[in-house]
Amino acid sequence: MPKFQIQDSKFQIAFVALPLLLGLLGCHRGMYDQPRYEPLEASNFFKDGQASRHLPPHTVARHQMKATEEDLRLDEHLYTGKVNGEFATSFPMEITPQVLARGQERFNIYCSVCHGRDGRGQGMVVSRGFRAPPSFHIPRLRDEVSEGHIFDVITRGFGAMPSYASQVKVPDRWAIVAYVRALQLSQFATEKDVPDSEKAALGIAP
């Protein structure tokens, strides 16, 4: 079969450029900038000005075609630290020595760098020039702040403290709250707080 070659450079350029021009003519800015809302984009269409809409009532979360308890978060106390919309003043599970040990471990890993191992707000970062957090042993944090509020602060952050929701799982957050309460009790415990079985070892008359 005979082979054809284009010797003229002008024709060569035109031969290459023509398909590119045809491709550009086929494209339109609208294909790139499509008429859709991006997540959290503002909108003039809805009264609240938000493009992202709230889920319809009774929507069920799905995870790999199966809703898990964590997806649904039906236990308000456990997952939000609240009961009927108010901060809980109790724990959603039994506090055992194992839970306290877990709380101590998680506290030492995530919290002690700022709050110190004794909860007095003199952690390592403070010695490096960062602002000291309040001591857990001041009256306000001992007597006025509830367990649910402490859980909420760990979950959502507060002031200079960031959220630890992505680092610390829900049960571990409650374990940390329990350990914080144990730290507070340890600094202000009296003989009445010592179990009878332990008084003899401490030289306390029963």
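The values are calculated or read from the model by the stated rules, or taken from the named source; none is laboratory data. The shown structure was predicted, so the numbers you read here are calculated from the model rather than taken from an experiment. Neighbour counts run over all protein chains shown; Cβ positions are idealised from the backbone, glycine included.
Do we find that S135 is polar (S, T, N, Q) and free of Cβ contacts under 8 Å to residues at least 12 places away in the same chain in this structure?
Spelling it out, it is not the case that S135 is polar (S, T, N, Q) and free of Cβ contacts under 8 Å to residues at least 12 places away in the same chain.
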- Could you tell me which residue of the stretch 84-104 is surrounded by the fewest Cβ atoms within 10 Å (Cβ to Cβ), considering only residues that are touching a Ser or Thr at 6+ places or on another chain (Cβ under 8 Å) and not polar (S, T, N, Q)? F87
- Cβ-Cβ under 7 Å pairs, at least 6 apart or on other chains, the stretch 183-206 side surrounded by fewer than 10 Cβ atoms within 10 Å (Cβ to Cβ), far side in a helix (DSSP H, G or I) and polar (S, T, N, Q): none
- Tell me which residues, restricted to the stretch 105-133, are surrounded by 17 or more Cβ atoms within 10 Å (Cβ to Cβ) and at positive phi. G116, G119, G121
- Item | Output for the stretch 183-195, where each listed residue is of a type outside the set (A, V, I, L, M), closer than 18 Å to P97 by Cα and in a helix (DSSP H, G or I) | Q184, S186, D193
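For V177, are the conditions met, namely being among the β-branched types (V, I, T) and surrounded by 18 or more Cβ atoms within 10 Å (Cβ to Cβ)?
yes
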- Query: Restricting the search to the stretch 85-119, which residues are part of a loop (DSSP other than H, G, I, E, B) and out of contact with any Gly (no Cβ under 6 Å at 6 or more places or on another chain)?
  - Reply: G85, T89, S90, F91, P92, M93, E94, I95, T96, R117, D118, G119
- Output the residue which, of all residues in the stretch 134-160 that are touching a Phe, Trp or Tyr at 6+ places or on another chain (Cβ under 9 Å) and exposed (fewer than 14 other Cβ atoms within 10 Å of the Cβ), is nearest to Y79 (Cα to Cα). G157
- Hey, any hits in the stretch 41-60 for a residue that's part of a loop (DSSP other than H, G, I, E, B), of a type outside the set (A, V, I, L, M, F, W, C) and at pLDDT below 60? no
- Which of the following residues is at pLDDT 95 or above, assigned to a helix (DSSP H, G or I) and not basic (K, R): V126, V180? V180
- Matching residues in the stretch 149-170 (in contact with a helix residue (DSSP H, G or I) (Cβ under 8 Å, 6 or more places away or on another chain) and not in a strand (DSSP E or B)) number 11
- Please indicate, with yes or no, whether at least one residue in the stretch 165-177 is closer than 26 Å to V83 by Cα, of a type in the set (D, E) and under 26 Å from the mean Cα position of the chain (by Cα). yes
